[in-house]
1. Are there any pairs with C-beta distances below 6 angstrom linking a residue in the stretch 6-18 that is closer than 10 Å to Ser43 by Cα to a residue that is basic (Lys, Arg), with the two at least 6 apart or on different chains, and if so which?
2. Step by step: first the residues of the stretch 30-86, then only those that are open to solvent by 70 Å² or more (accessible area, probe 1.4 Å) and aliphatic (A, V, I, L, M), then the one that is farthest from Lys19 (Cα to Cα). Which residue is that?
3. Specify the residue that is farthest from Pro80 (Cα to Cα); the eligible residues are those in the stretch 17-29 that are at pLDDT 95 or above and open to solvent by less than 40 Å² (accessible area, probe 1.4 Å).
4. Hey, could you check the stretch 21-44 for residues that are part of a loop (DSSP other than H, G, I, E, B) and in contact (Cβ under 8 Å) with a residue 24 or more places away in the chain and say which is nearest to Thr79 (Cα to Cα)?
Amino acid sequence: MTLSAEGVRAKLENALKTKEQGSVEVLDISSGCGTSFEVKVISAEFEGKNLLTRHRLINDALKDEMPHIHALSIKQAQTPAQAQAS
């Protein structure tokens, strides 16, 4: 199974409800073979949750894809307010 950055982005957007407030950026860092991704997620779903819980939400959103992902680097997991302040 080959994954794409667009497919990973769509899964995260749907699971973390970022279309209305937030954003998802996904970069394929595996030279196009779809096994390594870097993600930045801004979501209101992260409100009141610590960093570990936010990372778990991202991993849970990709649970079906994780067996095919070699590396997932979560570079950002913030609420909209935190992203705006930085």
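The values are calculated or read from the model by the stated rules, or taken from the named source; none is laboratory data. Remember, predicted model here, so these are calculated numbers, not experimental data. Note that each Cβ is placed from the backbone with ideal geometry, even for glycine, and that neighbours are counted across all protein chains shown. Note: accessible area is taken over every heavy atom of the protein model, side chains too, but ligands, DNA and RNA are not part of it. Shrake-Rupley method; radii C 1.70, N 1.55, O 1.52, S 1.80 Å.
1. Between residues of the stretch 6-18 that are closer than 10 Å to Ser43 by Cα and residues that are basic (Lys, Arg), the close pairs are Glu13/Lys19.
2. Only one residue fits best here, namely Leu52.
3. Restricting to residues being at pLDDT 95 or above and open to solvent by less than 40 Å² (accessible area, probe 1.4 Å), the top hit is Val26.
4. The residue in question is Gln21.
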